[in-house]
Amino acid sequence: MSGLRERKKRETREALMTAALRLALERGLDHVRVEDIAAAAGVSPRTYNNYFASKYEAIAARHTDRVRGAVAALRARPATEPFWDALTEALTEPWARHAGEGCAAPGPELLASIRMLSTEPALRAEALRVALAADGELTAAVAERTGTDPARDLYPSLVAAAATAAVQAAVGHWLRADPPVPLVPLLREALRQLAAGLPAPLRPEET
């Protein structure tokens, strides 16, 4: 019974996230109410409030889930795996599930949600709030992995902030790329360059 309840909670949360994004795209974010999202997902507003505090949180929730998924994945990586290999696999895993390992063009729902997050001020504020909280979770996971102390050592906070920025840069490049390029290899390359210390690219005459 406990497993069934958890599955139904996940399904309800997924339905609310999907409905929030769909209605925001159809009507414009300003014209969507929590009551509309709840009705579209087949639940009451009270049930909605058990999952999300606002419509902005529901739309930004997929980003939250990706970050938390990466943190969980990092903690689950083999202890013998080199740190940057483990971090790269953990950070790419949630994106690979949504975008596909070899997918070049962004899927319409993923593309729409990322663009909405980047252009709507209220959603940008929510995404920033999520990012700040997620950085703390990622910092803690990095500290556990490297045997460092976030209160004393700069390393885990620096790695978490830099790795998050590398992922954001790679996703931004993916959205703008013409012709399209696959996302997951781009994420791996961004994190590889970060792990290498971001060496300056060779000039044409140096190659």
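The values are calculated or read from the model by the stated rules, or taken from the named source; none is laboratory data. All of these numbers come straight from a predicted model, not from anything done at the bench. Backbone-built Cβ (ideal geometry, glycine too); neighbour counts: all protein chains shown. Areas reflect the complete protein model, heavy atoms only, side chains present, ligands, DNA and RNA absent. Shrake-Rupley method; radii C 1.70, N 1.55, O 1.52, S 1.80 Å.
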### Message
Return the pair list, or none, for Cβ contacts closer than 8 Å from residues in segment 40-57 that are touching a residue at least 60 places away in the same chain (Cβ under 8 Å) to residues that are part of a helix (DSSP H, G or I), at least 6 apart or on different chains.
### Response
54/34; 54/126; 56/122; 56/123; 56/125; 56/126; 57/126
#### Entry: When residues of segment 58-80 are limited to those that are open to solvent by 30 Å² or more (accessible area, probe 1.4 Å) and modelled with pLDDT of 90 or more, the one farthest from residue 90 (Cα to Cα)
80
### Query
residue 47 versus (1) surrounded by 15 or more Cβ atoms within 10 Å (Cβ to Cβ); (2) among the hydroxyl-bearing types (Ser, Thr, Tyr); (3) modelled with pLDDT of 90 or more: which is the lone unmet condition?
(1)
### Query
Hey, among the residues in segment 147-169 that are open to solvent by 50 Å² or more (accessible area, probe 1.4 Å) and over 21 Å from the mean Cα position of the chain (by Cα), which one's farthest from residue 73 (Cα to Cα)?
152
### Message
Name the residue that is farthest from residue 9 (Cα to Cα), counting only residues in segment 28-39 that are open to solvent by 50 Å² or more (accessible area, probe 1.4 Å) and touching a helix residue (DSSP H, G or I) at 6+ places or on another chain (Cβ under 8 Å).
### Response
33
### Message
Out of the residues in segment 120-146 meeting the condition of being β-branched (Val, Ile, Thr) and in contact (Cβ under 8 Å) with a residue 40 or more places away in the chain, tell me which one is most open to solvent (accessible area, probe 1.4 Å).
### Response
146
